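> Pasting in a structure now, in structure tokens, and then I'll have a few things to ask.
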Amino acid sequence: MNYLLSSIGRKQLMGISGLIMTGFVGGHMAGNLSMFIGPEAFNSYGHAIVSNKPLLYGTEVVLLLALLTHFVMGIWLTRENKKARKGKYAKPTNGDKSAQFASKSMIYHGIALLGFIIWHLLTFKFGNHYDVTYDGVMMRDLFTLMVEKFNQPLYVAGYVALMLTVGVHLSHGFSSSFQSLGFNHPRYTPKIKTLSFLYATVVALGFLSMPIYIYLVY
């Protein structure tokens, strides 16, 4: 309990949970790129995931705990920081202003992305169900569902906007997670920030490529 009540403890929990979700998002993006190989590759990838029940349920539990921890710690720390800033009027440097803006806006990115996760689950996990058979194995036809959704202009626009938000959130959050865990050194911090930016860019572009490709080609 003392660990949770300490600012350092909450920041570390937020950092660990953030890194767990960051790793998942990158892996999820990489797996989804199988759609460029074709419908069978994409549907087989999805079928392989849901067929391994222990792995599926274990992953879902870990991600749910990470998401709840990250969100609760984020709200808690944001409220705490707002209270601490009251009465402080010191003028920050330009660099500090930039850092403060990125830090302050993270909570809004997070709320938007929480809404996206719910929207995404309702659309794909619990959405329309189509079946397809490959080599005698029946599986869910997620590719058809994806084509159905990514041919709707408003859906594509919303998805693109939220994937850009994912990129911005990851770019700052990835490096902040390392900082929360104590990896803060003049020599390594700039490299971590560069890695964070590159990782966020690759993930965002990977996700963005899917709706744009589907909308233009299918």
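> Grab the beta carbon distance between Val147 and Asn2, set R0 = 41 Å, and tell me the FRET efficiency rounded to 0.05.
0.20
> Of Ile212, Met106, Tyr130, whose Cα points farthest to the positive end of the dipole of the chain (charges on the beta-carbon: +1 Lys, Arg; -1 Asp, Glu; origin at the Cα centre)?
The residue sitting farthest along the positive end of the dipole is Met106.
> Leaving out same-chain residues fewer than 8 places away, which aspartates and glutamates sit with a Cα under 20 Å from that of Lys149?
Result set, ordered by chain and number: Glu40, Asp131, Asp141.
> Suppose the chain between Leu216 and Ala41 were pulled fully straight at 0.36 nm per residue; how much longer would it get relative to their current alpha carbon spacing? Present the calculation step by step, with values, prior to reporting the outcome.
Numbers: separation 175, 0.36 × 175 = 63.00 nm, distance 2.01 nm.
That works out to 61.0 nm of additional length.
> Could you work out the longest stretch of the chain that avoids the trypsin sites (Lys or Arg not before Pro) located in DSSP loops with at most 13 other Cβ atoms within 10 Å? The partial results should precede the final answer.
On the way: sites that count: Lys86, Lys88, Arg187.
Segment 89-186 is the longest.
> Tell me the label-point distance for the pair Thr59, Leu114, using the 7 Å Cα-to-Cβ offset, in nm and rounded to one decimal.
According to this spin-label approximation, the distance is 2.4 nm.
Coordinate-derived values only; no laboratory data. Bear in mind the structure is a predicted one, so any value in this text is a computation, not a measurement. With ideal geometry, Cβ positions are generated from the backbone for all residues, glycine too; neighbour counts draw on all protein chains shown.
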